[in-house]
Amino acid sequence: FYTTMDFEWDLDGMPLVADVGLRYVSTDQQTTSQETDPLDVNKRAFVTRNRTYNDTLPSLNARLELNDEWIARASYSKVINRPTITSLPAFLNIDSSGFEGSGGNPELEPFRADRYDLALEYYFGEAGLVALTYFNFDVESFIQSVSKSEFIPELVGGGINGQSDGNVNVTRPRNGTGGSVNGFEFSTLLPFTFLPIEGFGGVFNYTSLDSGATNTTFTGFPAPLPLLTDKSWSAVLYYENDTFNARFAYSWRSEYLLEVTNGFPEFLDDRGQLDFSARYNINDNWQITFDGLNLTEENQTGTVKAIGGASIDDGNMFLERRLALGVRATF
């Protein structure tokens, strides 16, 4: 359920436009999967788990037109992002030793965060733009893969290995501690009007952020919040007209935490990638497309880190160049 209201004011000749919204979300969740019998690793049974959770999500957006060239923006919203389907099944697999296991977690809470944004934008020429944005996220918890000892009564005095005390080291997705993310983003759109041929231009974007390192693994490593890159940037060179457009785009991001496995954080190292895309409009209905991804065939490397700064190479992912030619039709 949701509702929204729009407002307009005139502040000494400066138009102020705002909207206020409120959403109420009720989520019913049911997961069914097969679970290992603690007494016999070769036996499995279906298990179903049900749960319901509710969220109230307010939002506010405001835009102040300082003049014909400058615009200031402010926004606030409370947001959620539900866990992935693959992390929710209620299964538990115990290996033949009886001391190690893995499973899903149907009790996972979604990501919940309060988001704040402040932006100042400058417009020039027919399509030029320079913008600076400050953002802040207060996050309740992140989901990460963590190993913890769990007591399984059926295993006491027997179990798979016949000697279990009922304690099994189980790796499953769990809600970690919360944290904060704040930073700024600079972006510019610059048509190359100084060239004798119209249609050329460039787009540049740079983002820098700081995430509160409040996720400490059970091994004691102060891991940052996952999937967040401290620094990233992209640059695009384009040409476009009514019939044809093409662009080269290079994007780069610094290392970031992928996941925590068995208490040790796995990082993906910094990496850049060059892509190309082109579109040719045959007429109003038909279009030929061409895309080239990772033109320079940049690979991805990973690192596992431990307390004290020690790190271990986590192998390479060999990412080949991909080319795609297609035809699109609209009716």
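The values are calculated or read from the model by the stated rules, or taken from the named source; none is laboratory data. Because the structure is a prediction, the values reported are computed rather than measured. For neighbour counting, all protein chains shown are included, and Cβ atoms are generated from backbone atoms with ideal geometry for every residue, glycine included. All accessible areas refer to the heavy atoms of the entire protein, side chains included, with ligands and DNA or RNA removed. Shrake-Rupley method; radii C 1.70, N 1.55, O 1.52, S 1.80 Å.
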Requested in this report: Would you check if there is a residue in segment 3-22 being surrounded by 15 or more Cβ atoms within 10 Å (Cβ to Cβ) and within 30 Å of ILE152 (Cβ to Cβ)?
Outcome: no
Query raised in the report: Is it the case that some residue within segment 39-61 is β-branched (Val, Ile, Thr), out of contact with any helix residue (DSSP H, G or I) (no Cβ under 8 Å at 6 or more places or on another chain) and open to solvent by less than 50 Å² (accessible area, probe 1.4 Å)?
Result: yes
Report summary line: Within segment 109-126, residues being at pLDDT below 95 and of a type in the set (A, V, I, L, M, F, W, C) number 3
Requested in this report: Inspect segment 65-85 for any residue being open to solvent by less than 30 Å² (accessible area, probe 1.4 Å), β-branched (Val, Ile, Thr), more than 24 Å from VAL20 (Cα to Cα) and in contact with a strand residue (DSSP E or B) (Cβ under 6 Å, 6 or more places away or on another chain) and give the result as yes or no.
Outcome: no
Requested in this report: Pairs only if they're at least six apart or on different chains, beta carbon under 9 angstrom, first in segment 231-244 and within 18 Å of GLY202 (Cβ to Cβ), second among the acidic types (Asp, Glu); list them, first residue then second.
Outcome: ASN241/GLU198
Report task. Of the conditions (1) assigned to a strand (DSSP E or B); (2) within 24 Å of LYS231 (Cα to Cα), PRO173 clears all except one; give me its number. Result -> (2)
Requested in this report: Would you confirm whether any residue within segment 203-214 is modelled with pLDDT of 95 or more, open to solvent by less than 30 Å² (accessible area, probe 1.4 Å) and among the β-branched types (Val, Ile, Thr)?
Outcome: yes
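Restricting the search to segment 278-292, which residues are loosely packed, with under 13 Cβ neighbours inside 10 Å and either within 33 Å of the chain's Cα centre (by Cα) or not in a strand (DSSP E or B) (or both)? Can you show your working first?
So the first thing to find is which residues in segment 278-292 are loosely packed, with under 13 Cβ neighbours inside 10 Å, and the list is 282-286.
If the condition is that a residue be loosely packed, with under 13 Cβ neighbours inside 10 Å and either within 33 Å of the chain's Cα centre (by Cα) or not in a strand (DSSP E or B) (or both), then ILE282, ASN283, ASP284, ASN285 are the ones that fit.
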Report summary line: The correct count of residues that are part of a strand (DSSP E or B), at pLDDT 90 or above and over 24 Å from the mean Cα position of the chain (by Cα) in segment 293-331 is 7
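Would you call ASN67 closer than 25 Å to LEU129 by Cα, more than 23 Å from the chain's Cα centre (by Cα) and polar (S, T, N, Q)?
On the way: closer than 25 Å to LEU129 by Cα: yes; more than 23 Å from the chain's Cα centre (by Cα): yes; polar (S, T, N, Q): yes.
Spelling it out, ASN67 is indeed closer than 25 Å to LEU129 by Cα, more than 23 Å from the chain's Cα centre (by Cα) and polar (S, T, N, Q).
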Requested in this report: State which residue pairs qualify: first residue modelled with pLDDT of 80 or more and inside segment 135-161, second residue hydroxyl-bearing (Ser, Thr, Tyr) and open to solvent by less than 20 Å² (accessible area, probe 1.4 Å) in any location, beta carbons under 6 Å apart, and separation of 6 or more residues or different chains.
Outcome: none
Requested in this report: Scan segment 125-148 residue by residue and report those that are open to solvent by 60 Å² or more (accessible area, probe 1.4 Å) and part of a strand (DSSP E or B).
Outcome: LEU132, TYR134, ASP138, LYS148
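If a residue must be under 27 Å from the mean Cα position of the chain (by Cα) and open to solvent by 60 Å² or more (accessible area, probe 1.4 Å), how many such residues does segment 23-35 contain? So that I can check it myself, show each step before the final result.
At the first step, the residues of segment 23-35 found to be under 27 Å from the mean Cα position of the chain (by Cα) are 23-33.
Checking which are open to solvent by 60 Å² or more (accessible area, probe 1.4 Å) leaves us with 23-24, 26, 28, 30, 32.
Within segment 23-35, residues that are under 27 Å from the mean Cα position of the chain (by Cα) and open to solvent by 60 Å² or more (accessible area, probe 1.4 Å) number 6.
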Query raised in the report: What number of residues in segment 259-270 are part of a strand (DSSP E or B) and open to solvent by 40 Å² or more (accessible area, probe 1.4 Å)?
Result: 3
